[in-house]
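To keep things clear, I will list the structure first and then write my remarks on it.
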Amino acid sequence: MTSSINERITTIRASLPPSVRLIAVSKQVPTEVIRSAYNAGIRDFGENRIQEAASKQTELQDLSDITWHFIGHLQSNKAKKAIELFPWIHSVDNLKLAQRLNQLAQDLGVSPQVCLQVKILADSNKSGWSVSELLADLPALNQCKFLQIQGLMTIPPLALSNTEILSVFNSTRKLAKEIQEQSWSHLKMEQLSMGMSGDYQLAVQAGATMVRLGTILFGDRT
Ligand SMILES: *Cc1c(COP(=O)(O)O)cnc(C)c1O
C-alpha cells in the first residue's frame with residue numbers, strides 16, 4: 001500500500017458514521033505500527049492471541065488510554081489472562097466460557113464488557129452459539145452478573161454474496177432486538193460487533209456499532 005497508515009485511518013474514520021466505534025485489529029502488527037495508529041487517533045485495538053497481546057501491552061504501557069478488545073476464540077485455560085488484559089471480550093462463544101468468565105470476574109473484582117458470538121448461518125469453521133442455542137441459554141446468561149453483556153458479535157461464513165452477508169448482519173440486529181424485547185434484567189443488547197475489512201460497509205448499513213478492521217488499516221498480514 002502506498003498511502004500512509006495515518007491517511008488510511010483518516011479516510012476510513014471519515015467514511016464511518018461518528019457513532020460507530022472503530023476497533024483497529026492489530027494482531028501480527030508490530031508495536032511501532034500500533035503507535036502510528038495511536039498517533040493517528042485510534043484508541044481501540046483488537047487482538048486475538050493472549051500471549052502476543054500480553055507482550056504488546058507491556059511495550060505500550062505508556063499509551064494508557066488504549067482500550068484493548070479480545071476478538072479471538074478463547075480457550076478456557078486462558079480465560080483468566082483474558083480478563084486481566086482485556087476490558088472488552090467480543091468473542092464469548094459458549095455458556096461454559098461465559099460462566100467461567102463470570103466466576104473469574106467475581107474473583108478478580110472486575111466486570112468485563114462482553115459480546116456474545118452468534119452464528120446466524122451454520123459454519124463449522126467458526127465457534128459461537130446458533131440462534132436456537134443462544135435463545136435457550138439466555139436465562140443462564142442473565143445470571144452472569146459479573147459480566148456486562150452488551151450485545152452480539154458475528155462473523156459471516158466465507159464465500160457469501162454481498163446480499164447474503166447483508167442478510168446475516170440484518171438478522172443479527174433483529175436477533176438483538178428480539179432479545180432486548182424480552183426485557184432480561186442483566187442482558188443489554190445495544191452493541192453489534194460486526195464488519196471486517198471486506199464487509200464493514202454492509203455491516204454499518206445493517207446497524208453495526210463496532211467494526212473490527214485489520215487489513216484495510218494495516219495492510220496484509222503475512
Ligand atoms: C482478524 C480479525 C478481524 C480483522 O480482519 P480484517 O479482514 O483484516 O479486517 C476482525 N475480526 C476478527 C474476529 C478477526 O479475527
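Calculated mean residue ellipticity, 222 nm, the chain: -12500 deg cm²/dmol, from DSSP H runs (n ≥ 4) at -39500 (n - 2.57) each, averaged per residue and rounded to 500. Label point of residue 75 set 7 angstrom out along Cα-Cβ; within region 85-114, amide nitrogens under 16 Å from it belong to 97. A cut-off of 5 Å between modelled amide H atoms, ignoring neighbours fewer than 5 places along the same chain, links residue 69 with 45, 46, 47.
Taking the chain as the region of interest, the number of lysine pairs whose Cα atoms are within less than 19 Å, with members eight or more places apart or on different chains, is 21.
Dividing the Cα radius of gyration of region 2-218 by 2.2 N^0.38 Å, with N the residue count, gives 0.99. With one equal scatterer per alpha carbon and no solvent term, the Debye-computed log10 I(q)/I(0) for region 115-163 at 0.21, 0.24, 0.30 1/Å reads -0.77, -0.93, -1.20.
Read-outs: derived from the displayed coordinates by stated rules, not from any lab. This one's a predicted model, so the numbers in the text were calculated from it and none came from an experiment. We place every Cβ from the backbone using ideal geometry, glycine too, and count neighbours over all the protein chains shown.
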